[in-house]
Amino acid sequence: MRVLILEDDPWIADLLKQIVLSLRPAARIDCQARVSDAISAWQREPAQLVIADWNLPDGSGTLLLQAVRSQDRQVALVMVTARADRDSVLEVRPLGISAFITKPFQVPKVLDCLRRLLPEDDEPAVAVVSDQDFSHHLAALPGEEIDLPLRDELCQQLREASEAPATLQQLDEHWQQDPAVQARLIAAANSSLYNSAGQPCISLADAVKRLGAATALNLIQGLALRPVASLQDADLKALAQELLETQLNLRQRVGDLAKACQLDPAPLQSAALLQGMGELAVLQQAQLWRNRALPLSDAQLQQALRQHSSELANRLKAHWRLPIPLRELIGACYGLAPGNTRREPILMRLASAELHSAESQEVQRLRRLAGLT
């Protein structure tokens, strides 16, 4: 089964893709951002479901739906739009649109809508067999396939919320303490569609403010729809929990230091939660690898964590285009750049050093640089 999605917002397009795959795992999804490209994609190979945004940079999504209807009167069409007035609905009535998704939409309602429209899979998903070892797999992994797992508690909450609309408040503080959420929302907030002024967003609070609560919640819920949203194997979960405890301790300590220096703690706390993103990415890939029944010993996993964590973190930062100021804060956990005099990176390095050795000479020097002695 093939599904064609026309949406110029790559984050919303990915969310719609994850919704479809959660319902039909074997579906082939083609996401296009331009009307002309979507029409060409349809003409190359028709789809069994077409989802189109109404307003796009190069024209109206109705042009795609008209092209589809000129060849096929049966295929299901879904219009995504902020226009829900009667005149707009009447305007496209001749196209026989199957459903309207009104922005900002709620993931449970979209799930229910598409569940009714999607035809049944006619072919089971075929397992892919790899002749690579895990290390070579990580080295060859494209940036768009690198991701982070959700915390178990949050993943469970989100899956329960997939049956009914939820709010950020109902998710308690779990979403604010999850590295995958931090990375996804900050990356989206820095994309061109949400950052027209070109101002970097380097904290979760600013990301939610820029995206809006409804869009932020949709992107968070989309994370729980992935085939491997959280870790299942006990050893992987234990390693992730150990890493998360370190990140949360760093988040708490750097927040205290920032307040003592009368600085905004939010960017530093976001950097603290992203400090171990490379290791989490390796663990996510390890779970996917094992789910394909491929061998991965404890020794191979530890070697992969040592050799590839930094590399995957850098590729994630580049793929998500995380802003340079945030990358500098994350990098300061491991060492300060030569000649740095900014207090924020100094506090990141100080908090990290304190967690390893609270009375070391480096800690005393950093405290002096931060003006805390």
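Consider Arg321 carefully, then state whether it is at negative phi and basic (Lys, Arg).
Judged against the criteria, Arg321 is not a match.
Do we find a residue being farther than 19 Å from Leu111 by Cβ, open to solvent by less than 80 Å² (accessible area, probe 1.4 Å) and in a loop (DSSP other than H, G, I, E, B) anywhere in segment 62-71?
no
Just wondering, is there one or more residues in segment 13-35 that are free of Cβ contacts under 8 Å to residues at least 40 places away in the same chain, over 23 Å from the mean Cα position of the chain (by Cα), loosely packed, with under 14 Cβ neighbours inside 10 Å and not in a strand (DSSP E or B)?
no
Any residue in segment 97-113 that is of a type in the set (D, E, K, R), within 30 Å of Leu316 (Cβ to Cβ) and either at pLDDT below 90 or over 27 Å from the mean Cα position of the chain (by Cα) (or both)?
So far as segment 97-113 goes, yes, one or more of its residues are of a type in the set (D, E, K, R), within 30 Å of Leu316 (Cβ to Cβ) and either at pLDDT below 90 or over 27 Å from the mean Cα position of the chain (by Cα) (or both).
Got at least one residue in segment 288-311 being among the charged types (D, E, K, R), in a loop (DSSP other than H, G, I, E, B) and under 16 Å from Asp233 (Cα atoms)? Even if it seems obvious, please write down each step before you answer.
Narrowing segment 288-311 to residues among the charged types (D, E, K, R): 290, 292, 298, 306, 311.
Filter once more, keeping what is in a loop (DSSP other than H, G, I, E, B): 292.
Within this subset, residues satisfying the condition of being under 16 Å from Asp233 (Cα atoms) are 292.
Within segment 288-311, one or more residues are among the charged types (D, E, K, R), in a loop (DSSP other than H, G, I, E, B) and under 16 Å from Asp233 (Cα atoms).
Could you please give the count of residues in segment 320-346 that are outside any helix (DSSP H, G or I) and closer than 15 Å to Ala183 by Cβ?
To start, the set of residues in segment 320-346 that are outside any helix (DSSP H, G or I) comprises 320-323, 333-342.
Right, trim to closer than 15 Å to Ala183 by Cβ and you get 320-323.
Of the residues in that region, 4 qualify.
As an exercise: evaluate Ile51 against (1) in a helix (DSSP H, G or I); (2) open to solvent by less than 70 Å² (accessible area, probe 1.4 Å) and give the number of the one condition it does not meet.
(1)
What's the total number of residues in segment 52-66 that are of a type outside the set (A, V, I, L, M, F, W, C) and either in contact with a helix residue (DSSP H, G or I) (Cβ under 6 Å, 6 or more places away or on another chain) or touching a residue at least 40 places away in the same chain (Cβ under 8 Å) (or both)?
5
So how many residues does segment 183-206 have that are open to solvent by less than 70 Å² (accessible area, probe 1.4 Å), farther than 18 Å from Leu150 by Cα and not in a loop (DSSP other than H, G, I, E, B)?
So the answer is 2.
In segment 350-373, which residue that is assigned to a loop (DSSP other than H, G, I, E, B) and not hydrophobic (A, V, I, L, M, F, W, C) is nearest to Gln247 (Cα to Cα)?
Here the answer is Ser357.
Of the residues that sit in segment 345-371 and are at pLDDT 90 or above and of a type in the set (Asp, Glu), which one is least open to solvent (accessible area, probe 1.4 Å)?
Looking at residues that are at pLDDT 90 or above and of a type in the set (Asp, Glu), I get Glu354.
Just the residues that are open to solvent by less than 40 Å² (accessible area, probe 1.4 Å), assigned to a loop (DSSP other than H, G, I, E, B) and out of contact with any strand residue (DSSP E or B) (no Cβ under 8 Å at 6 or more places or on another chain), please, taken from segment 163-182.
Within segment 163-182, Ala166, Leu168 qualify.
Scan segment 308-332 and report the pairs whose first residue is among the acidic types (Asp, Glu) and whose second residue is surrounded by fewer than 21 Cβ atoms within 10 Å (Cβ to Cβ), with Cβ atoms within less than 9 Å and a gap of 6+ or a chain change.
Glu311/Ala139; Glu328/Ala337; Glu328/Asn340; Glu328/Arg342
Scan segment 259-273 residue by residue and report those that are among the hydrophobic types (A, V, I, L, M, F, W, C) and open to solvent by less than 20 Å² (accessible area, probe 1.4 Å).
Just the residues of segment 259-273 that are among the hydrophobic types (A, V, I, L, M, F, W, C), to begin with: 260-261, 263, 266, 268, 271-273.
Answer for segment 259-273, where residues must be among the hydrophobic types (A, V, I, L, M, F, W, C) and open to solvent by less than 20 Å² (accessible area, probe 1.4 Å): Cys261, Leu268, Ala271, Ala272, Leu273.
Identify the single condition in (1) within 24 Å of the chain's Cα centre (by Cα); (2) at pLDDT 90 or above that Ser60 does not satisfy, given that it satisfies every other one.
(1)
Taking the stated definitions as given, is Arg342 over 19 Å from the mean Cα position of the chain (by Cα), under 22 Å from Asp147 (Cβ atoms) and open to solvent by 40 Å² or more (accessible area, probe 1.4 Å)?
Judged against the criteria, Arg342 is not a match.
Condition test on Ser40, is it open to solvent by 40 Å² or more (accessible area, probe 1.4 Å), part of a helix (DSSP H, G or I) and over 28 Å from Leu158 (Cβ atoms)?
Yes, satisfied.
Here's a check for you: in segment 215-258, which residue that is assigned to a helix (DSSP H, G or I) and of a type in the set (Val, Ile, Thr) is most open to solvent (accessible area, probe 1.4 Å)?
Ranking the candidates gives Thr246 first.
Yes/no matrix, rows are residues, columns are (1) among the basic types (Lys, Arg); (2) open to solvent by 30 Å² or more (accessible area, probe 1.4 Å):
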| residue | (1), (2) |
| --- | --- |
| Trp289 | no, no |
| Arg292 | yes, yes |
| Ser310 | no, yes |
| Leu316 | no, no |
| Leu322 | no, no |
| Glu328 | no, yes |
| Cys333 | no, no |
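Among (1) farther than 28 Å from Ser192 by Cβ; (2) touching a helix residue (DSSP H, G or I) at 6+ places or on another chain (Cβ under 9 Å), which single condition is Ala26 missing?
Among (1) farther than 28 Å from Ser192 by Cβ; (2) touching a helix residue (DSSP H, G or I) at 6+ places or on another chain (Cβ under 9 Å), the lone unmet condition for Ala26 is (2).
The values are calculated or read from the model by the stated rules, or taken from the named source; none is laboratory data. Note that the coordinates shown come from a computational prediction; the quantities given were computed from them, not determined experimentally. Using ideal geometry, Cβ is built from the backbone for each residue, glycine included, and neighbour counts are taken over all protein chains shown. Surface accessibility is based on the protein's heavy atoms, side chains included, excluding ligands, DNA and RNA. Shrake-Rupley method; radii C 1.70, N 1.55, O 1.52, S 1.80 Å.
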